[in-house]
Every structure is written in C-alpha cells, then in structure tokens.
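The block underneath contains the structure these notes are about, expressed in structure tokens.
The values are calculated or read from the model by the stated rules, or taken from the named source; none is laboratory data. Note that the structure is a prediction, hence the values are computed from the model and not measured. Here Cβ is always computed from backbone atoms with ideal geometry, including for glycine, and neighbour counts include all displayed protein chains. For the accessible areas, the whole protein counts, side chains as well, though only heavy atoms, and no ligand, DNA or RNA atoms are used. Shrake-Rupley method; radii C 1.70, N 1.55, O 1.52, S 1.80 Å.
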Amino acid sequence: MRIDISKNPAPVSSTFERKTMFQIEADSTEIGVARLLEEFGNNYKMEIIRCAFASERAMIPVPPNLSYQYPDGMPRGRLGVVLSVIPAKNRRVFLAFAIQLVDWQMLWAPTSVFVDAAKLLMHNPIAGNIMKDIWRKWDVNNDIPLPAGVQRVWNGETKKSEVLYVKTRLPYLS
C-alpha cells in the first residue's frame, strides 16, 4: 500500500515515498513517526488511520448492493438489519467508535466526513449516506434506532455531536 503524499502540505523525501506506512513505523529510528506526525499534521494522521483501517476487515460490512438500493439514505427500520452483521457483543463498541470517528473528522474535514468514514469503516465509499444515517439515527447506548423525530446533529459551537428532538432542539435522553 502506498501513501498518497499529494495531500501532505510539506515536501517529502524520496526515501519517504518508497516506504509504506508500516515500514516507516517499523523503522522509526530513520525518520521517526513522532517527528512525521508533528511535521505533516492532520493530513498525515488521517493517512495513518486510512492505512490501519485498510489492512483490516470492514468494521461495518455493508454490501455494495445496499449502497445502490439506498442512495438517498436508509430508513431507521432498515438500519438494524444492516448493523445485525456486526456481532452483538461488538456492535455497541464498534458503533460508539464510528460516532467518535465521525465527530473527530467533523472537526477538521466536515465536507466529506461520511464518505471518508464509509471508506474506513465499511470499505465502501458509496455507502456515505448509510454511514450518515447510522450516525444520525442510531442509539448506540440501547443498540436500537433513535425514535422518529430524534437525531444526532453536529453542534458547531461546542464542536461535538448531540442527540436532539428535531423540532424543539431539546436534548434527547435515552
């Protein structure tokens, strides 16, 4: 796997270009991962995350046919069917992590956050709308869809997501 260095804001040496992410990590005496993180900032951190996720199975496996079936999003009732492929003992942890990942990405790359999360967690960039619906409509604590009229939204002032009643904008407590 090659690192897409075109996203890095600073010039990169030819030594760096020839190495994979994991070779650099293993050979940290030559270049130093901490120094690279400091030098290249968020773009480089995101590239490390992409490499780590690409080397594992999808956390939320969504078949491509579902992505085409629901190009404009998935109804709450169908989310449980999609998420049932995740073992029940892991589902809450995986989905809490997915919510945190989306929230973290919202801080510095809000334009393509759901497509990026779908690439990482589902290995399926076409499933961005499904990832968005999971983020918006799933109650991670109770492992069920949020009730109609309740959804997770991004709060730009507090820089984190909140679960609210859509009409009143009051907090929802599950």
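Of note:
- Backbone amide hydrogens, once placed in the peptide plane, bring Val150 within less than 5 Å of Val166, excluding anything fewer than 5 places away on its chain.
- Solvent-accessible area per residue in segment 58-173 equals 53 Å², computed with a 1.4 angstrom probe and all protein chains kept.
- Solvent-accessible area, 1.4 Å probe, carbon plus sulfur percent, for segment 58-173: 58
- Gyration tensor verdict on segment 113-174 (Cα atoms; rounded if a/c is under 1.5, prolate if a/b is larger than b/c, oblate otherwise): prolate
- With R₀ fixed at 45 Å, the C-beta to C-beta distance from Arg169 to Ala54 puts the FRET efficiency at about 0.75.
- Gyration tensor (alpha-carbon) shape descriptor, segment 45-163, a/c threshold 1.5: rounded
- Length-normalised contact order for segment 82-174 - Cα pairs under 8 Å, 6+ apart - percent: 18
- For Pro75, net neighbour charge (Lys/Arg +1, Asp/Glu -1) across residues whose Cβ lies under 10 Å away: +2
- In the context of the full protein assembly, Val163 retains an accessible surface of approximately 40 Å², using a probe radius of 1.4 Å and ignoring ligands and nucleic acids.
- Measuring against 20 Å, Cα to Cα, the residue pairs Lys89/Lys159; Lys137/Lys160; Lys45/Lys137; Lys137/Lys167 contain Lys89/Lys159; Lys45/Lys137 as the ones spanning a longer distance.
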